[in-house]
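One structure below.
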Amino acid sequence: MAQIVVVDDERSMREFLQILLEREGHQVTVAGDVAGALAALSSGGLPDLVFSDLKLPDGSGMQVLKWVGDNCPGTQVIMMTAYATAENAVEAMRLGAYDYQMKPFKVSEVRALTQKALEKVALIRDNAVLRAQLRRRQGTGRLLGRSPAMLEVIGVIEKVAPGRTSVLIEGESGTGKELVARAIHEASPRADAPFVAVNCGAIPEALIEAELFGHAAGAFTGAVRARAGLFEAADGGTLLLDEVSSLPAPMQVKLLRALQERRVRRVGEEHERPVDARILAATNQSLQDLVRAGRFREDLFYRLNVVYLRVPPLRERAEDIPLLARAFIVKHEDESGKKLEGIAPDAMAALVRYSFPGNVRELENYMERALALATGPLVRLSDLPPEVRDSAPPAPGGLPVFPDEGIALEVVLTDVERRLIEEALRRSGGKKTRAAELLGLSFRSLRYRMQKLGFGDTGEDEGG
């Protein structure tokens, strides 16, 4: 059930729309002028849809349209008039009207238009909820996914988080191993204590002991003052040893002792310090294979691998791609300065079919790129890199691919309309009169559609 406001100075029109919309299951409030409309809009909850006549006794429906645009995010407005002009239509669309309708209109037209407008409301508000959730949770390590593979990962996280058991996290580069580690930490009683991540492969072999365990003043050249190591920095919290497979053999021995004794000795000191840090380890290689090859200590492997958690590559959880792709668009839209309504079905189909050797990190990169290139309300196939575009075969019968999670029909139809107009303009060499003929439209109708879609130059052709 939607909340709808009808504004019209004709009683018969108010009653007609109220009866029709209430029969469709909606809650309808009516007003006969601008003052009554603003009172109704400001006194109730956030409306979903507004029908407003253009000419009202105490002003213009444009005032209602502008007030809704300033105060009712996501609410759609349908302007109505018996005296349409191109100028009024253009102004209404510029101010954000969903549509501009001539009176009188048929019952079927009102029903169809209401349904499409409410679909757009639902899409906008769903996106707003997703944006808010992601912003609240940004950096918390929350995992997105509803595939069986990810649900299994999340299930393991929920089971191991309450304790202090060591967890070995294996997965290809870009799968989100650190996010999994953060999720374990944040779901644990240690959530308020530090989470410290160290890339073992990025630290020179000569310095790694001092980095992990700390050092005394004067322990080596450059050690002008005593410094605590990362184990101590994570005291009471969690220490993630990322790329643990790259640890040199001597350091593996010292790490094993620290894990067994829960004590560390700073370089250059004689005494040990107690440390209470939960240890998580991550690697993009199989530690078990390295043990067999003699490149990783078996006893250390068993100490780290108390619980094993494999993070699946993106190609094994393709059903999560639509959710992740939309989430990355929301994450990066502030940087791009754009607010998109979604992803075109053919573009989404290409993303789902692509194998993503770089996994989730690669998908995020492509969505950031698509945001920078997008010129319409949707990410289109042409906004994706060639390797992704080539993964999508032509849709059967020329229809867009219908994704499992459904589509926002109005948004898709708007995108198709934009693309057809662009193609007609390309084939006509930019001549709008010829483009209108190719589309079976009058020049006036084409100009109105171009203005509605935000095309720049919608004037007459030169010499015509």
* To do: Pull up region 417-429, narrow it to residues that are under 36 Å from the mean Cα position of the chain (by Cα) and without any contact (Cβ under 8 Å) to a residue 24 or more places away in the chain, then point me to the one that is farthest from residue 455 (Cα to Cα).
  => 427
* To do: Answer yes or no: is there a residue in region 329-349 that is in contact with a Gly (Cβ under 9 Å, 6 or more places away or on another chain), closer than 29 Å to residue 187 by Cα and not assigned by TED's automatic domain parsing to the domain that holds residue 243.
  => yes
* Structure fact -> Checked region 4-50 for anything touching a helix residue (DSSP H, G or I) at 6+ places or on another chain (Cβ under 9 Å), aliphatic (A, V, I, L, M) and in contact (Cβ under 8 Å) with a residue 60 or more places away in the chain; matches are 4, 17, 20, 21, 49
* Got a number for residues in region 424-456 being part of a helix (DSSP H, G or I) and farther than 19 Å from residue 96 by Cβ? -> 16
* Kindly check whether there is at least one residue in region 252-267 that is crowded, with 16+ Cβ neighbours inside 10 Å and closer than 12 Å to residue 169 by Cβ. => no
* Hey, can you tell me all the residues within region 152-174 that are over 17 Å from residue 241 (Cβ atoms) and in a loop (DSSP other than H, G, I, E, B)? => 161, 162, 163, 172, 174
* Since residue 74 meets every condition but one in (1) over 20 Å from residue 108 (Cα atoms); (2) surrounded by fewer than 18 Cβ atoms within 10 Å (Cβ to Cβ); (3) at pLDDT below 90; (4) out of contact with any helix residue (DSSP H, G or I) (no Cβ under 6 Å at 6 or more places or on another chain), which condition does it not meet? -> (4)
* Is there a residue being assigned by TED's automatic domain parsing to the domain that holds residue 206, among the basic types (Lys, Arg), modelled with pLDDT under 95 and in a loop (DSSP other than H, G, I, E, B) anywhere in region 266-277? -> yes
* In region 318-343, how many residues are among the β-branched types (Val, Ile, Thr) and touching a residue at least 60 places away in the same chain (Cβ under 8 Å)? -> 1
* Please enumerate the residues belonging to region 437-453 that are touching a helix residue (DSSP H, G or I) at 6+ places or on another chain (Cβ under 8 Å) and over 15 Å from residue 86 (Cβ atoms). => 438, 439, 453
* **Boolean, residue 110 is surrounded by 14 or more Cβ atoms within 10 Å (Cβ to Cβ), under 20 Å from residue 5 (Cβ atoms) and either touching a Gly at 6+ places or on another chain (Cβ under 9 Å) or not hydrophobic (A, V, I, L, M, F, W, C) (or both)** => no
* To do: Scan region 360-368 and give yes if some residue there is aliphatic (A, V, I, L, M), more than 13 Å from residue 315 (Cβ to Cβ) and assigned to a loop (DSSP other than H, G, I, E, B), otherwise no.
  => no
* To do: Working carefully through the options 358, 464, 430, 459, find the one that is modelled with pLDDT of 80 or more, more than 30 Å from residue 121 (Cβ to Cβ), out of contact with any Pro (no Cβ under 9 Å at 6 or more places or on another chain) and surrounded by fewer than 14 Cβ atoms within 10 Å (Cβ to Cβ).
  => 430
* Asked: Of these, 210, 219, which one is touching a residue at least 40 places away in the same chain (Cβ under 8 Å), assigned by TED's automatic domain parsing to the domain that holds residue 182 and assigned to a loop (DSSP other than H, G, I, E, B)?
  -> 219
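The values are calculated or read from the model by the stated rules, or taken from the named source; none is laboratory data. Please read all numbers here as calculations on a predicted model, not as lab measurements. For neighbour counting, all protein chains shown are included, and Cβ atoms are generated from backbone atoms with ideal geometry for every residue, glycine included.
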